[in-house]
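Structure, as C-alpha cells:
The values are calculated or read from the model by the stated rules, or taken from the named source; none is laboratory data. Everything quoted here is computed from the prediction, not taken from an experiment. Here the Cβ positions follow ideal geometry from the backbone for every residue, glycine too, while neighbour counts run over all protein chains shown. Surface areas here come from the heavy atoms of the whole protein model, side chains and all, with no ligands, DNA or RNA. Shrake-Rupley method; radii C 1.70, N 1.55, O 1.52, S 1.80 Å.
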Amino acid sequence: MKTILVILATVLLLSSCSVFDSLTSNTTIKPNESFVLGNNEHGTFKVKLKNVSNHDLKIILAPLAGGTHSPITVKPNETVIVKAERNTALRIENKSNEVASVDLYVTGDTGLSMGYKN
C-alpha cells in the first residue's frame, strides 16, 4: 500500500510540474518598436499569438547565427501559431504609430530572453 501511495504521489508531482513548461503574457509594444522573444541560446518553442491591437503586426524568425526568415503579417484579432527552432528568436514588429498589444502563450523551452528593440 505504501508503494502505491509513493508512486501515486510521484506521478501527481511530475504531472503538476508540466505547468512550468508554458508561460502566458499580455505584452505591449511601443510604436515603431519590436518585442524579441528568445534572443539567447535555447531549445525549440511554440508561440500562440493573438494580435489584440487595431492594426497589423509583423512576426519574423531570427536565428542567432544571423539572418531572418518566415515573415508573417498578423491582422487585428487574428491568432497564429509559430514554432521557433533551436536558437532562433521570434521578433514581433509594431511598425505603426500606435501602441500594440499581443497575447502570448508559449510552450516548449521557456528559458527565453525577452526584450525590446527600436
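Observations
- When His55 is tested against the conditions (1) part of a strand (DSSP E or B); (2) within 27 Å of Asn97 (Cβ to Cβ), the lone failure is (1).
- The combined condition, being closer than 19 Å to Asn54 by Cα and open to solvent by 20 Å² or more (accessible area, probe 1.4 Å), is fulfilled by Glu78.
- Scope the range 1-41; condition of a type in the set (Lys, Arg) and either modelled with pLDDT of 95 or more or closer than 30 Å to Leu64 by Cβ (or both); matching residues: Lys30
- Contact map, the range 66-92: residues that are touching a residue at least 60 places away in the same chain (Cβ under 8 Å) paired with residues that are assigned to a strand (DSSP E or B) and surrounded by 14 or more Cβ atoms within 10 Å (Cβ to Cβ), Cβ distance under 7 Å, separation 6+ or inter-chain. Pairs shown: Ile92/Ile29; Ile92/Ser34; Ile92/Phe35; Ile92/Leu57; Ile92/Ile59; Ile92/Val102.
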